Every structure is written in C-alpha cells, then in structure tokens.
Amino acid sequence: MKRDNDLSIREKVVDLIRNKSTSLPTLPVVINNIIITAKNDKTTAADLAGFIANDQTLSARILKIANSVYYGQPKEIDSITRAIIVIGFKEIVSIALGSEIFKTFSTKNSYNMIDMNELWKHSIAVGFAFRHLEKKTRMSFTESAMLSGLLHDIGKIIFILYFPKDYEAVLEEQRRADDVPLDVMERKMLGIDHSEMAYLLMKQWNFPANINLPIRFHHNLSECPFEHLNMATMINIADYLCHRCGIGFSGNLVIERHDSAITGLGLSIESIDTIVHELEEDRPQVDGFLEAMA
Ligand SMILES: [Fe+2]
Ligand SMILES: [Fe+2]
C-alpha cells in the first residue's frame, strides 16, 4: 500500500473527496434541502420561501443581496416570497447557494497566497461579465450568471486550504515561468487543475450537471460536452473580461483571449471591447455585492 507521502496530489484529492470523515466542508442542511426542493418540478415559490425563512441569517443575507445594485430593483424587497416573485426562483436559489458557500469558505485563512477578498471579487465580477454576455448573445441558461461566477474558481480555494504548500509551489512556479496559464501549471505540478477540483467538490455536494460541467471545462473548451459548451464558453470569456478590467484577482498571471470562442457565441471581437467598458463601470457594484454577501 502507498504511504501518504507517495500519493500524488490528484490521488490525495480523490481521497479527500471520497473520505467522508475528512474536514472537507459539507453544505449546511438548509442548502441541501433547497437543492432537493429546487430540483423537484412540483416545488412552488411558497415551498422554497418556507425552507429559506426557517433560517433567519440566510433569509437576511438573501434580502440584502436581492436589494443590492446587481438586481437593480426600484423598490425595496422585504420578504423572501416577494424576492422570489420579483427576482425569480432560479436567482433566489443561486443567491442562497452562492452566499452559503461564500460563508463556508470566507473566514478561512488563505495563507496569503491569493488574497481571498480579491478572489471573491474576481468571482463576483465573472458573474457580472457573464450577465453582460447573456444580454449581448441573447442566450439564457438554467443556472444563474452569478452562481457560475461565484463557483467557477472554487477549486483554487480547496487547493489553498487543503494543499497550501503544494499550491504555493504552483503559484511560485507560475511567477517564474511567466507565460504559463495557472490551470496548465496546476495540471503539470498537481495532476489536477482547479476546474476539475471544483467539479469533484460540486458533484459531492449533488449540484446539477448544468453547473458542474460548464465549470469543469471553463479552461478546456475543446473537451467540453456539446450541451454544456455555450455556458463553459461564457465563463471562459467572462473570466478573460474580468482579468482585462483588473477587477479582483484570480491568481492567474497569463490571460488568454480565445477568439474562436468569442465568435462561436456569435459575438464580434469589437463587442468584447464594449463589454470591457461596461464592466469597468460595474466596479462599485461588485464591491457592493461582496459587502452584501459578508
Ligand atoms: Fe478558472
Ligand atoms: Fe477565474
């Protein structure tokens, strides 16, 4: 049998995910209930509101986020039922999931590798950029823009928290190499990248394939199953847009623009510049969203 030291990071990650007794964060019961409730076609807004209202802290946070500039409601939303009617079922489920995950991870130490605040800011900004792309392409998805943004780089947080020394070495090597994207360096040194790490975690949490798989392939579009390709491409371009604007920091020093992905969504390269300007103006709103989550 292999000793712990002999295992590759990939093997250790698989161990970490499979071993129920490890300290890998579990989702709070209320979130599991929300996921199960949301999956059921017969679920009504009242059922969902009932689940959320049982948790006062979560309800308060959802209302704070729902009233943030991101949702731009002219009148204050003062109840969960009202939030579901005004913002929509899908968005409320997303806010509940996203904010609980944020809470689960945000208090943990980041060992000063990647500033956690900057990483969350990047993740929120990817949600904003995704929404701009949705409007420009007139596409819509079963999962919300903000949820994809919030979760897309969550694998990095697992690396930072559970494999700090190994991940520090990856970041250091990326700085030295100068021209290697972070996901490539992760695969080379750890045998697994942050998008696959996120996928394994979300699968463990029973998240639906509609969110797991686009995130799994956001840096590897050529391998993405066709039915999830549009969403994976949106995350990829949103990620590029946020790096270009410098909103938050994801730890990736090499930012690639995939022109074929952009044109594949029916967008011109020029329209990307327009979105960059729009996204730059969102900066205070991104800060406001982060504040509402905390
Ligand atoms: Fe990423
Ligand atoms: Fe990212």
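The values are calculated or read from the model by the stated rules, or taken from the named source; none is laboratory data. Every value quoted in this text rests on a predicted model; they were computed, and no experiment measured them. Note: ideal-geometry Cβ built from the backbone for every residue, glycine included; neighbour counts use all protein chains shown.
Looking only at residues of segment 173-187 that are assigned to a helix (DSSP H, G or I) and farther than 16 Å from Gly155 by Cα, we find that the one that is nearest to ligand 2 (Cβ to nearest atom) is Gln174. For the condition closer than 17 Å to Val126 by Cβ and in a loop (DSSP other than H, G, I, E, B), His219 qualifies.
Could you check segment 202-216 and list, in sequence order, the residues that are part of a helix (DSSP H, G or I) and either away from ligand 1 (no atom under 15 Å from the Cβ) or modelled with pLDDT of 95 or more (or both)?
Within segment 202-216, Lys203, Gln204, Ala209, Asn210, Leu213, Pro214, Ile215, Arg216 meet the criteria.
The residues of segment 115-144 that are at pLDDT below 90 and crowded, with 24+ Cβ neighbours inside 10 Å amount to a single one, Ser144. From the residues in segment 155-191 that are of a type in the set (Val, Ile, Thr) and buried (at least 22 other Cβ atoms within 10 Å of the Cβ), which one is nearest to ligand 1 (Cβ to nearest atom)? Of everything passing the filter in segment 155-191, Ile157 is nearest to ligand 1 (Cβ to nearest atom). The lone criterion from (1) surrounded by 20 or more Cβ atoms within 10 Å (Cβ to Cβ); (2) touching a residue at least 24 places away in the same chain (Cβ under 8 Å) left unmet by Lys90 is number (1). If we scan segment 130-153, do we find a residue that is over 12 Å from the mean Cα position of the chain (by Cα), assigned to a helix (DSSP H, G or I), aliphatic (A, V, I, L, M) and within 20 Å of Ile237 (Cα to Cα)? So far as segment 130-153 goes, yes, one or more of its residues are over 12 Å from the mean Cα position of the chain (by Cα), assigned to a helix (DSSP H, G or I), aliphatic (A, V, I, L, M) and within 20 Å of Ile237 (Cα to Cα).
If you go through segment 240-258 and keep only what is part of a loop (DSSP other than H, G, I, E, B) and either surrounded by fewer than 22 Cβ atoms within 10 Å (Cβ to Cβ) or within 11 Å of ligand 1 (Cβ to nearest atom) (or both), you end up with Gly246, Phe249, Ser250, Gly251, Asn252, Leu253, Val254, Ile255, Glu256, Arg257, His258.
When restricted to residues that are under 16 Å from Met197 (Cα atoms) and within 16 Å of ligand 2 (Cβ to nearest atom), segment 143-169 contains 14. Restricted to segment 260-273, and to residues there that are touching a residue at least 40 places away in the same chain (Cβ under 8 Å) and closer than 14 Å to Leu241 by Cα, the residue that is surrounded by the fewest Cβ atoms within 10 Å (Cβ to Cβ) is Ser271. Return yes when Ala232 is free of Cβ contacts under 8 Å to residues at least 40 places away in the same chain, crowded, with 24+ Cβ neighbours inside 10 Å, within 14 Å of ligand 1 (Cβ to nearest atom) and not hydroxyl-bearing (Ser, Thr, Tyr) and no when it is not. So Ala232 passes the test.
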